[in-house]
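A short write-up of the structure that comes next.
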Amino acid sequence: MSEKDNQSMHWADIMADKIIREKGDKPRYTCASGITPSGTVHIGNFREIITVELVARALREKGKDVRFIYSWDDYDVFRKVPKNMPEPELLEKYLRYPITLVPDTTGRAENYARGNEVAVENDLPKVGVFPEYIYQAERYRTNVYAEEIRKALSMREEIREILNQYRTEPLADDWWPVAVFSSFTNKDNTKVIAWDGEYGLTYRDLDLDKEETIDIRTTPNTKLPWRVDWPMRWAYEGVDFEPGGKDHLTEGGSYDTAKSVVKLFGAEAPVTMRYDFIKLKGKGGKISSSGGEVADLSDVLEIYPPEIVRYLFVGTRPSAEFAISFDLDVLKIYEDYDNTERIYFGLIQTNEKKKEKESRIYELSQVDDKAIPSEPGYQIPFRHLCNYLQIYAGDQDKVIERLDGITESQEKRLRVRMSCAWAWLDKYAPEEFRFSLSSEDCMYKATESEAKAIREFASYVDEHLDALSEKEFSEYIYKCAADNGMENPDFFRLIYQVLINKEKGPKLAGFLKACGSEKVLEILRRY
């Protein structure tokens, strides 16, 4: 298949073609994303970031130069203390401040906003995302946008007319397209009173009932409100593509107003696409940073390798809602990724259309587009890998010793997967999925007839377990049950209780093969 055909089926490639078609052939395309770091930047926020990264990658693969900017809107107002932040009483004192002037009670950085930013900036390279960061607090506080603010003030009536088209109640006559943080209190509880037509802006601090006139070129107090700020930055940066959440892209939402306001700044709105919200499996509703009950990229990377984190988003259209799973669905997600990998390397035969689709998903899932693996990963089901790890108490070296034919490349990837599996077992796996091999301190108290059956089973293990296949050895499990006058379910229950102190566990024959005769006999011969 040709490179063009391979790329044409995926939504990122379709969007890249649309950008080129609508924006024309340009020497550089600017793709943008951004967020207010008002709390933990959660995995739902990551959806916008990875959406832009995938479209930017698709553009580059079409030979285009791409600038990917990520804007930290860290001059926004601190409106609410998230539940997961330490020292909430201290943070309460900073409500209505710009978040960049709020202390970081987590101790990660010099201020609250930066603490939330650093967490994301440290994790994004792990999943192959390398944007150019723009810090809006720095821009506003050093008066980079002074001329843009002056322009907005001069277009006050035009902007108000646009915004009123989408409001049930029109903006008041004394509304101004600028917000002011008081130089007396740092809070935004202020009201603009007058503008001199140039750079002088007069406001009143409503808490202190004090007035002040400031020069927007030299004081760090002013900021454009969101519905003006967003289109202003589109024009300032020359943005060609920026997706938006469904709340922004609903009729009358901020995108509708922004695409009209941006014309006042002499530009056109970027190409956009809507992305839907993400849920955490088992938790309803929209993830909220300010609520504090979130999972961030670091949490997800703890249980999924980077390429599978990307795969979750690559394989789902942005407009489709989906859940990030921490429960038993983790097993299916690993298996789905491995199937895609098998199709890519021709280990599974399928029709040409599906092969093209799955191959493109596999390519875009890789962290480095210039280092696509030359061979598949070691294809061990995630469930079996979890069993091995529990048999060997998380010792990766001992698990590797039990597996045959692992190449150097596969071992490196497998070790990452084992770390994720062990973290999942520790934090999220349901209790019935977990086990540990029995020790002498907690032996099952067997009856005399049960002990006899265990000893006979030990002889079968000693003679046949390592030599036979899983299917072949399973016949000896049934034979031992019958020879000792036990029903199969009762015998299976007995062996599980002896081995892992539970009445049921992993599929028994496969589990015994994974343990190996030495480990199994060590336990059985206690009886």
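The values are calculated or read from the model by the stated rules, or taken from the named source; none is laboratory data. All of these numbers come straight from a predicted model, not from anything done at the bench. We place every Cβ from the backbone using ideal geometry, glycine too, and count neighbours over all the protein chains shown. Ligands, DNA and RNA are stripped out before the accessible areas are found, and what is left, the full protein with its side chains, is counted by its heavy atoms. Shrake-Rupley method; radii C 1.70, N 1.55, O 1.52, S 1.80 Å.
Any residue in the stretch 135-146 that is open to solvent by 50 Å² or more (accessible area, probe 1.4 Å) and farther than 30 Å from Arg67 by Cα?
Checking the stretch 135-146: not a single residue is open to solvent by 50 Å² or more (accessible area, probe 1.4 Å) and farther than 30 Å from Arg67 by Cα.
Specify which of the listed residues (Asp490, Asp466) is at pLDDT 95 or above and among the acidic types (Asp, Glu).
Unique residue meeting the criteria: Asp490.
Check Tyr362 against each of (1) within 28 Å of the chain's Cα centre (by Cα); (2) part of a helix (DSSP H, G or I); (3) surrounded by fewer than 19 Cβ atoms within 10 Å (Cβ to Cβ) and name the one condition it does not meet.
Exception for Tyr362: condition (3).
If you check Tyr166, Tyr135, Tyr75, Tyr145, which single one turns out to be of a type in the set (Phe, Trp, Tyr) and modelled with pLDDT under 95? Spell out the reasoning first.
Values: Tyr135 fails: modelled with pLDDT under 95; Tyr75 fails: modelled with pLDDT under 95; Tyr145 fails: modelled with pLDDT under 95.
Result: Tyr166 is the single residue among Tyr166, Tyr135, Tyr75, Tyr145 that is of a type in the set (Phe, Trp, Tyr) and modelled with pLDDT under 95.
Just checking, does the stretch 318-329 include any residue being under 25 Å from the mean Cα position of the chain (by Cα) and in a helix (DSSP H, G or I)?
Step one: filter the stretch 318-329 for residues under 25 Å from the mean Cα position of the chain (by Cα), giving 318-329.
Checking the rest, the ones that are also in a helix (DSSP H, G or I) come to 329.
Yes: the stretch 318-329 contains one or more residues that are under 25 Å from the mean Cα position of the chain (by Cα) and in a helix (DSSP H, G or I).
Out of Pro103, Pro82, which single residue is without any contact (Cβ under 8 Å) to a residue 24 or more places away in the chain and more than 30 Å from Asp13 (Cα to Cα)? Spell out the reasoning first.
Details: Pro82 fails: without any contact (Cβ under 8 Å) to a residue 24 or more places away in the chain.
When all the criteria are applied, what remains is Pro103.
Where in the stretch 131-199 are there helices (runs of 4 or more DSSP H), lying wholly inside it, with at least 3 residues that are touching a Cys at 6+ places or on another chain (Cβ under 8 Å)? Spell out how you get there, then give the answer.
Working: elements: 136-141, 146-154, 156-164.
Once the helices (runs of 4 or more DSSP H) in the stretch 131-199 are filtered for at least 3 residues that are touching a Cys at 6+ places or on another chain (Cβ under 8 Å), nothing remains.
Check the stretch 312-321 and report whether any residue there is modelled with pLDDT under 95 and under 28 Å from Arg434 (Cβ atoms).
No, the stretch 312-321 contains no residue that is modelled with pLDDT under 95 and under 28 Å from Arg434 (Cβ atoms).
Against the definition (over 29 Å from Ala269 (Cβ atoms) and within 40 Å of the chain's Cα centre (by Cα)), how does Thr219 come out, yes or no?
On the way: over 29 Å from Ala269 (Cβ atoms): yes; within 40 Å of the chain's Cα centre (by Cα): yes.
So Thr219 passes the test.
Inside the stretch 403-492, counting only helices (runs of 4 or more DSSP H) that do not spill past its ends, which hold 1 or more residues that are touching an Asp or Glu at 6+ places or on another chain (Cβ under 7 Å) and of a type in the set (Ser, Thr, Tyr)? Let's see the steps before the verdict.
On the way: elements: 408-427, 448-460, 470-483.
Per the criteria, 408-427.
Go through the stretch 385-439 residue by residue and tally those that are in contact (Cβ under 8 Å) with a residue 40 or more places away in the chain, within 22 Å of Asp336 (Cα to Cα) and in contact with a Pro (Cβ under 8 Å, 6 or more places away or on another chain).
Summing the residues that are in contact (Cβ under 8 Å) with a residue 40 or more places away in the chain, within 22 Å of Asp336 (Cα to Cα) and in contact with a Pro (Cβ under 8 Å, 6 or more places away or on another chain) in the stretch 385-439 gives 5.
Would you confirm, using the coordinates I've provided, whether Lys259 is open to solvent by 50 Å² or more (accessible area, probe 1.4 Å), in contact with a helix residue (DSSP H, G or I) (Cβ under 8 Å, 6 or more places away or on another chain) and within 24 Å of Glu53 (Cα to Cα)?
Values: open to solvent by 50 Å² or more (accessible area, probe 1.4 Å): yes; in contact with a helix residue (DSSP H, G or I) (Cβ under 8 Å, 6 or more places away or on another chain): yes; within 24 Å of Glu53 (Cα to Cα): yes.
Yes; evaluated as a whole, the condition is true for this residue.
From the list Lys513, Lys502, Lys507, Lys479, which residue is in contact (Cβ under 8 Å) with a residue 12 or more places away in the chain, within 22 Å of Glu463 (Cα to Cα) and surrounded by fewer than 18 Cβ atoms within 10 Å (Cβ to Cβ)?
One residue alone meets the criteria, Lys479.
Of all residues in the stretch 464-495, which are hydrophobic (A, V, I, L, M, F, W, C) and farther than 11 Å from Ala453 by Cα?
Filtering the stretch 464-495 down to residues hydrophobic (A, V, I, L, M, F, W, C) leaves 465, 467-468, 473, 477, 480-482, 486, 491-492, 494-495.
Across the stretch 464-495, the qualifying residues are Leu465, Ala467, Leu468, Phe473, Phe492.
State whether one or more residues within the stretch 17-34 are open to solvent by less than 10 Å² (accessible area, probe 1.4 Å), among the aromatic types (Phe, Trp, Tyr), touching a residue at least 40 places away in the same chain (Cβ under 8 Å) and closer than 19 Å to Tyr135 by Cα.
No, the conditions are met nowhere in the stretch 17-34.
So, in the stretch 200-219, how many residues would count as being assigned to a loop (DSSP other than H, G, I, E, B) and either touching a Ser or Thr at 6+ places or on another chain (Cβ under 9 Å) or assigned by TED's automatic domain parsing to the domain that holds Arg139 (or both)?
So the first thing to find is which residues in the stretch 200-219 are assigned to a loop (DSSP other than H, G, I, E, B), and the list is 206-209, 216-219.
Then drop every residue that is not either touching a Ser or Thr at 6+ places or on another chain (Cβ under 9 Å) or assigned by TED's automatic domain parsing to the domain that holds Arg139 (or both), which leaves 206-208, 216, 219.
Of the residues in the stretch 200-219, 5 are assigned to a loop (DSSP other than H, G, I, E, B) and either touching a Ser or Thr at 6+ places or on another chain (Cβ under 9 Å) or assigned by TED's automatic domain parsing to the domain that holds Arg139 (or both).
Look through Asp104, Asp74, Asp25 and report the one residue that is in a loop (DSSP other than H, G, I, E, B) and closer than 22 Å to Pro231 by Cβ. If you could, list the steps in order and put the result at the bottom.
Details: Asp104 fails: closer than 22 Å to Pro231 by Cβ; Asp25 fails: closer than 22 Å to Pro231 by Cβ.
Going through Asp104, Asp74, Asp25 in turn, the sole match is Asp74.
Considering each of Arg434, Arg417 in turn, give the residue that is surrounded by fewer than 16 Cβ atoms within 10 Å (Cβ to Cβ) and in contact with a helix residue (DSSP H, G or I) (Cβ under 8 Å, 6 or more places away or on another chain).
After applying the criteria, what remains is Arg434.
Evaluate the stretch 366-385: report whether one residue or more is open to solvent by less than 50 Å² (accessible area, probe 1.4 Å), polar (S, T, N, Q), closer than 20 Å to Val52 by Cα and modelled with pLDDT of 95 or more.
Taking every residue of the stretch 366-385 in turn, at least one turns out to be open to solvent by less than 50 Å² (accessible area, probe 1.4 Å), polar (S, T, N, Q), closer than 20 Å to Val52 by Cα and modelled with pLDDT of 95 or more.
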